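The values are calculated or read from the model by the stated rules, or taken from the named source; none is laboratory data. As the structure is a prediction and not an experimental result, all values here were calculated from the model. Because the Cβ atoms are built from the backbone with ideal geometry, glycine has one as well, and the counts that use them run over all protein chains shown.
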Amino acid sequence: MAGGAPSIDCFYLYPTVSRETTANADLVIQRAEIKVAASQAARFSAVCRVWAPMYRQQTSIDLNREGLSGNPAVEQVAYTSALAAWRDYLAHDNRGRPIVFIGHSQGAAILIRLLSEEIDPNPELRARMLSAILLGGNVQVASGSDVGGSFQHIAACRSATDAHCVIAYSAFGESPPESALFARPGTGISLQSGQRAVAGQSVVCTNPAALGGGTGELQPYFLSTSRPVGGLTIHTRWVTYPHMYRAECRNAGGATWLQVDHIGGAGDVRPKVVETLGPTWGYHLDEVNLTLGNLVALVGSQARALH
């Protein structure tokens, strides 16, 4: 999937969507992969060429069977497949262009490992990496630092013009419970290389609406066919809800998360995101689209800062 502005590339790995009955998906493009790529990655084509390769991800059926702790053999197949796609893109399509990595959930977990093994130790590729957007994947750092956990050199982004850095968070509407599957070291999808509960480490939260800290208003975008829109008939491809959500990074009880609050008021009849999978998952299913406008704007700012 490619198109849009020619100055930078975006390399996107989608989350767990395959409903195939095998442990690993095949490489046949199906409706689930098309839909999630359209929902999460298509809007980035305004600021970059988007590459969205198929990979042999662990299927949702197998993930439900194995749990988030995973099966190392199945995870290795998924990672090896994604790594091959990355190396093929790098060898034949990149041509020295700056790269933004984008991944959510299983896609983020694979990219964390890929960046830690392929990019972080390589100064040339680190310099080519404009940024990495790794959502719902639990990037870890040394507590009180922006590096030192998942990566030794790649730090958290703290301004819209920072480069060679990472944007990462897991979104919740309230403090994550002790049983939360994200936001604490050692949680999340187990494909994360080295992502274990380590003393002195915490999970990164960078707020796309306020990278420097504090609270910011979110710019959500959803495919208009992907969720209910009350009694309204929507005739556009996308729907957005301005002045409806704000967010800030919080840290409490050993968890670090993006706190998303509804600010629309009691009379706001627009549909609200909900914890579809329960409080242990928070807003995991919607955490890309809740901030999609902010993220696209950030990538645009990072690209302009190169010139």
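Output the number of residues of region 183-211 satisfying the condition of being crowded, with 24+ Cβ neighbours inside 10 Å, at pLDDT 90 or above and over 30 Å from Val239 (Cβ atoms).
Residues that pass the stated criteria total 1.
Name the single residue that is nearest to the chain's Cα centre (by Cα) among those in region 266-281 being under 17 Å from Ala183 (Cα atoms) and not small (Gly, Ala, Ser). Talk me through it step by step, then tell me what you get.
Step one: of region 266-281, the residues under 17 Å from Ala183 (Cα atoms) are 275, 277-281.
Now restrict to residues that are not small (Gly, Ala, Ser): 275, 277, 279-281.
Numbers: Glu275: 17, Leu277: 18, Pro279: 19, Thr280: 18, Trp281: 14 Å.
Result: Trp281.
If you check Ser81, Ser69, Ser39, which single one turns out to be at pLDDT 95 or above and within 22 Å of Ser116 (Cα to Cα)? Steps first, please.
Numbers: Ser69 fails: at pLDDT 95 or above; Ser39 fails: within 22 Å of Ser116 (Cα to Cα).
Checking each option against the conditions leaves just Ser81.
With over 16 Å from Pro208 (Cα atoms), touching a Leu at 6+ places or on another chain (Cβ under 9 Å), surrounded by fewer than 24 Cβ atoms within 10 Å (Cβ to Cβ) and modelled with pLDDT of 95 or more as the only criterion, which of Glu174, Glu117, Glu124 stands out? Reasoning before the result, please.
Details: Glu174 fails: touching a Leu at 6+ places or on another chain (Cβ under 9 Å); Glu124 fails: touching a Leu at 6+ places or on another chain (Cβ under 9 Å).
It is Glu117.
Please work out which residue is nearest to the chain's Cα centre (by Cα), limiting yourself to region 282-307 and to residues that are at pLDDT 95 or above and in a loop (DSSP other than H, G, I, E, B).
Filtering first and then ranking leaves Val288.
Being in contact with a Lys or Arg (Cβ under 8 Å, 6 or more places away or on another chain), of a type outside the set (Ser, Thr, Tyr) and surrounded by 15 or more Cβ atoms within 10 Å (Cβ to Cβ), is that true of even one residue in region 25-36? First the steps, then the outcome.
Within region 25-36, the first condition is being in contact with a Lys or Arg (Cβ under 8 Å, 6 or more places away or on another chain), and the residues that meet it are 25-27, 32.
Checking which are of a type outside the set (Ser, Thr, Tyr) leaves us with 25-27, 32.
Next, only the ones that are surrounded by 15 or more Cβ atoms within 10 Å (Cβ to Cβ) stay: 25, 32.
So far as region 25-36 goes, yes, one or more of its residues are in contact with a Lys or Arg (Cβ under 8 Å, 6 or more places away or on another chain), of a type outside the set (Ser, Thr, Tyr) and surrounded by 15 or more Cβ atoms within 10 Å (Cβ to Cβ).
Write out, first by first residue and then by second, each pair whose Cβ atoms fall under 7 Å of each other, whose residues are 6+ apart or on separate chains, and whose first residue, in region 282-295, is of a type in the set (Val, Ile, Thr) while the second is part of a helix (DSSP H, G or I).
Val288/Gln40
List the number of the failed condition for Val100; all other conditions in (1) surrounded by fewer than 24 Cβ atoms within 10 Å (Cβ to Cβ); (2) of a type outside the set (D, E, K, R); (3) more than 22 Å from Leu63 (Cβ to Cβ) hold.
Among (1) surrounded by fewer than 24 Cβ atoms within 10 Å (Cβ to Cβ); (2) of a type outside the set (D, E, K, R); (3) more than 22 Å from Leu63 (Cβ to Cβ), Val100 violates only (1).
Please return the ranges of strands (runs of 3 or more DSSP E) entirely within region 108-195 where 2 or more residues are among the β-branched types (Val, Ile, Thr) and under 15 Å from Thr256 (Cβ atoms). Before you say what the answer is, go through the steps one by one.
Values: elements: 129-135, 140-142, 165-169.
Correct list: 165-169.
Among the numbered criteria (1) touching a residue at least 12 places away in the same chain (Cβ under 8 Å); (2) within 15 Å of Arg113 (Cα to Cα), which single criterion is violated by Arg87?
Failing condition for Arg87: (1).
In this structure, is Arg246 of a type outside the set (Phe, Trp, Tyr) and over 30 Å from Pro185 (Cα atoms)? Steps first, please.
Details: of a type outside the set (Phe, Trp, Tyr): yes; over 30 Å from Pro185 (Cα atoms): no.
When the stated conditions are applied, Arg246 does not pass them.
Any idea which of Gly230, Gly265, Gly214, Gly278 is small (Gly, Ala, Ser), in contact with a Pro (Cβ under 8 Å, 6 or more places away or on another chain) and either at pLDDT below 90 or surrounded by fewer than 18 Cβ atoms within 10 Å (Cβ to Cβ) (or both)?
Numbers: Gly265 fails: in contact with a Pro (Cβ under 8 Å, 6 or more places away or on another chain); Gly214 fails: in contact with a Pro (Cβ under 8 Å, 6 or more places away or on another chain); Gly278 fails: in contact with a Pro (Cβ under 8 Å, 6 or more places away or on another chain).
Criteria check complete, one pass: Gly230.
Please name all residue pairs, on different chains or six or more residues apart, with Cβ atoms under 8 Å, provided the first residue is in region 244-255 and is under 18 Å from Gly213 (Cβ atoms) and free of Cβ contacts under 8 Å to residues at least 40 places away in the same chain and the second residue is among the β-branched types (Val, Ile, Thr) and surrounded by 18 or more Cβ atoms within 10 Å (Cβ to Cβ).
Listed pairs, sorted by first residue: Arg246/Val260.
Quick check, is Ala156 within 22 Å of Ser301 (Cα to Cα), modelled with pLDDT of 90 or more and crowded, with 22+ Cβ neighbours inside 10 Å?
no
Can you tell me which residue within region 52-83, out of those that are polar (S, T, N, Q) and not in a helix (DSSP H, G or I), is surrounded by the fewest Cβ atoms within 10 Å (Cβ to Cβ)? Quick ask: steps written out before the conclusion?
Just the residues of region 52-83 that are polar (S, T, N, Q), to begin with: 57-60, 64, 69, 71, 76, 80-81.
Applying the additional criterion that residues be not in a helix (DSSP H, G or I) yields 57-59, 69, 71.
Working: Gln57: 30, Gln58: 28, Thr59: 23, Ser69: 8, Asn71: 17.
Top of the filtered list is Ser69.
Among the numbered conditions (1) modelled with pLDDT of 95 or more; (2) closer than 15 Å to Gln106 by Cα; (3) not in a loop (DSSP other than H, G, I, E, B), tell me where Val17 comes up short.
(3)
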